[in-house]
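Working notes, beginning with the structure itself.
The values are calculated or read from the model by the stated rules, or taken from the named source; none is laboratory data. Keep in mind that this is a model prediction, so the values were computed, not measured. With ideal geometry, Cβ positions are generated from the backbone for all residues, glycine too; neighbour counts draw on all protein chains shown. Quick note on the areas: whole protein, heavy atoms, side chains included, nothing else; ligands and nucleic acids left out. Shrake-Rupley method; radii C 1.70, N 1.55, O 1.52, S 1.80 Å.
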Amino acid sequence: MAKHIFVTGGVVSSLGKGITAASLGHLLKARGYKVTMQKMDPYLNVDPGTMSPFQHGEVFVTDDGHEGDLDLGHYERFIDESLSRESNFTQGSIYQSLIARERRGDYLGGTVQVIPHVTNAIKDRLYRIAEQSNADVVISEIGGTIGDIEGLPFIEAARQFKKEKPAGDVLFVHVTLVPYIAAAHEVKTKPTQHSVKELRSIGVQPDFIVCRSDHEITDKVREKIALFCDVAADEVLACSDAPSIYEVPINLYDQHFDVKVLQHLGLPVPEIDLAPLRGFLANMEECVDPVDIAVVGKYVSLPDAYLSVIEALHHSGVYHKRKVEVHLIDGEELSDANAAEVLGSMDGVLVPGGFGQRAFEGKIAAARYARENNVPYLGICLGLQAAVCEFARHVAGLEGATSAEFDDAAEYPVIDLMPEQEDVEDKGGTMRLGAYPCKVLPGTRAEAAYGEAVIYERHRHRYEVNNAYRDTLTGAGLVISGLSPDERLTEMVELPDHPWFVASQGHPEFKSRPMRPHPLFRDFVGAAIAKRG
């Protein structure tokens, strides 16, 4: 039977519950345990697929096509396991399923209530992921902050879940803020005390408290927190700000967090293998010489909107032992007129995915500048579509070529809707989502990167390269280096007479790992380093 760990947060949001949970997952996996992770989001959206990246950051996509919280990306990168749609659910999805059952008459006219119906549905998801993953340990992060009204059903469900499981099978980790007050020249424990008091008032006693702070947490501070929060002093962990999130597992390991957790759960403590992580961190220390990469998007005021892209770039930089400097460029501000000024100092140009017309012309300008000036280019999803539109306009002679997404009356819609999507009105979950196979053309940059004839990438889009223009584009010199197995869909394109210009309809950033950067990102950064010299 799986053991369960719940991770909650107090005082403020964005404390790093996800990184704490993922770090613990990394340590337990490094000791040989099979670990899976889960994020429970209290908001009422069914999933983040239709939410603005400005509010929620990127939408992470799993192999089986679930649009999930960005914390799933942290989980996958830290525990190096592909997660599934069982790994993320929202309060909205719980209510949606319950209301559908109520409308069908499943409750036989009974009153549907938060307790027991909502809490039972949450517990069902906890049991289900344990059964389907066959994991030794399930780590479940409860989103939001203790005290939020929308989070109460999740805390209550976790409380009930612990009661139903045998003693020692469930524990709670509470991540909380210990702020430094400059005027007093000391850190303050009162917010943590109040947060734990709030948690205990709804029936949950934390087994561990992880203190987030930008200052040192002394033994004296630990003892004070332990006294007021009814835990042992060695169950209060310090998690101060670190230069890299990948140092957090080492920080927690040095405090024997994983050992204490295993002891609480009544599990053996096998030898740990942290050599891969330590090797990655050692290589990171050697990354001094910079390489400048422009990421041309439209959500650039919130870096979390491109979190996996930025992480994949950093993974590749560590692989090459170069420090990747990411420059977020607003596509709305970019044009052919200023592209040389804005991008002239860049060693590589990356155009990530996105939806909507805003900033699309700037992305086309970025692709044109990279093509004409032999700057390494990586296009992802909409970045492929921008590259195809640019090539169609300025090389293939299809003036004004664009996507039917932005102009359904365009003369040259080189990007068009998938036929099966033409009559769909519901915007939620109607796309090509999840992992799809791709045949890689021999002798291409794509094949050189992947080293395989068939690869799988995760997708999240509705529009495709229009097959009516395929011959025109290839006749003008565009290489279609990746196709769906039935050769109906264009998956990758590249330019043969360019140092490195590759674009993918999939999202390779989702599969990049710290110790195993994605091949396209790895070779793109390598090409950018070669350009810089």
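Of all residues in the range 108-142, count the ones that are of a type in the set (S, T, Y) and either part of a strand (DSSP E or B) or surrounded by fewer than 13 Cβ atoms within 10 Å (Cβ to Cβ) (or both).
2
From the residues in the range 368-382 that are touching a His at 6+ places or on another chain (Cβ under 9 Å) and open to solvent by 10 Å² or more (accessible area, probe 1.4 Å), which one is farthest from F510 (Cα to Cα)?
E372
Does any residue in the range 98-119 that is closer than 21 Å to R159 by Cα and among the acidic types (D, E) come within less than 6 Å, Cβ to Cβ, of a residue that is modelled with pLDDT under 95 and open to solvent by 40 Å² or more (accessible area, probe 1.4 Å) six or more places away or on a different chain, and which pairs are these?
Filtered contacts from the range 98-119: no entries.
Inside the range 94-107, can you point out the residues that are open to solvent by less than 70 Å² (accessible area, probe 1.4 Å) and either among the polar types (S, T, N, Q) or within 23 Å of D169 (Cα to Cα) (or both)?
Scanning the range 94-107 gives a single hit, S97.
Pick from the range 1-29 the residues that are of a type in the set (V, I, T) and out of contact with any Ser or Thr (no Cβ under 9 Å at 6 or more places or on another chain): which of them is least open to solvent (accessible area, probe 1.4 Å)?
Across the range 1-29, the extreme among qualifying residues is T20.
If a residue has to be open to solvent by less than 10 Å² (accessible area, probe 1.4 Å), among the hydroxyl-bearing types (S, T, Y) and either in contact with a Lys or Arg (Cβ under 6 Å, 6 or more places away or on another chain) or not in a helix (DSSP H, G or I) (or both) to count, how many in the range 43-89 make the cut?
So the count comes out to 1.
Taking D423 as meeting all but one of (1) modelled with pLDDT of 95 or more; (2) open to solvent by 60 Å² or more (accessible area, probe 1.4 Å), write down the number of the exception.
All conditions are met except number (1).
Which of the residues that make up the range 178-200 are open to solvent by 50 Å² or more (accessible area, probe 1.4 Å), within 19 Å of G147 (Cβ to Cβ) and either in a loop (DSSP other than H, G, I, E, B) or of a type in the set (D, E) (or both)?
Selection gives K188, E198.
Within the set of pairs 6 or more residues apart or between chains, which connect a residue that is more than 24 Å from E311 (Cα to Cα) inside the range 344-371 to a residue that is open to solvent by less than 30 Å² (accessible area, probe 1.4 Å) and assigned to a loop (DSSP other than H, G, I, E, B) with Cβ atoms less than 6 Å apart?
That search, which allows pairs on different chains as well, returns R358/K298; A365/L334.
Quick check, is Y299 in contact with a Phe, Trp or Tyr (Cβ under 7 Å, 6 or more places away or on another chain), hydroxyl-bearing (S, T, Y) and either modelled with pLDDT of 95 or more or at positive phi (or both)?
So Y299 does not fit the description; no.
Filter the range 201-214 down to the residues that are assigned to a loop (DSSP other than H, G, I, E, B), on the phi < 0 side of the Ramachandran plot and surrounded by fewer than 17 Cβ atoms within 10 Å (Cβ to Cβ) and list them by number.
I202, Q205, D214
Select from the range 254-281 the residues that are closer than 20 Å to V318 by Cβ, open to solvent by less than 50 Å² (accessible area, probe 1.4 Å) and either touching a strand residue (DSSP E or B) at 6+ places or on another chain (Cβ under 7 Å) or part of a helix (DSSP H, G or I) (or both) and list them in ascending order.
Once the filter is applied, which keeps residues that are closer than 20 Å to V318 by Cβ, open to solvent by less than 50 Å² (accessible area, probe 1.4 Å) and either touching a strand residue (DSSP E or B) at 6+ places or on another chain (Cβ under 7 Å) or part of a helix (DSSP H, G or I) (or both), the range 254-281 yields L277, G279, F280, L281.
Take residues that are without any contact (Cβ under 8 Å) to a residue 40 or more places away in the chain, surrounded by fewer than 16 Cβ atoms within 10 Å (Cβ to Cβ) and out of contact with any His (no Cβ under 8 Å at 6 or more places or on another chain) and tell me which of the strands (runs of 3 or more DSSP E) falling wholly in the range 449-533 contain 1 or more.
454-461
Quick check on the range 234-253: of everything there that is out of contact with any strand residue (DSSP E or B) (no Cβ under 6 Å at 6 or more places or on another chain), open to solvent by less than 40 Å² (accessible area, probe 1.4 Å) and without any contact (Cβ under 8 Å) to a residue 60 or more places away in the chain, which residue is farthest from L274 (Cα to Cα)?
The residue in question is S244.
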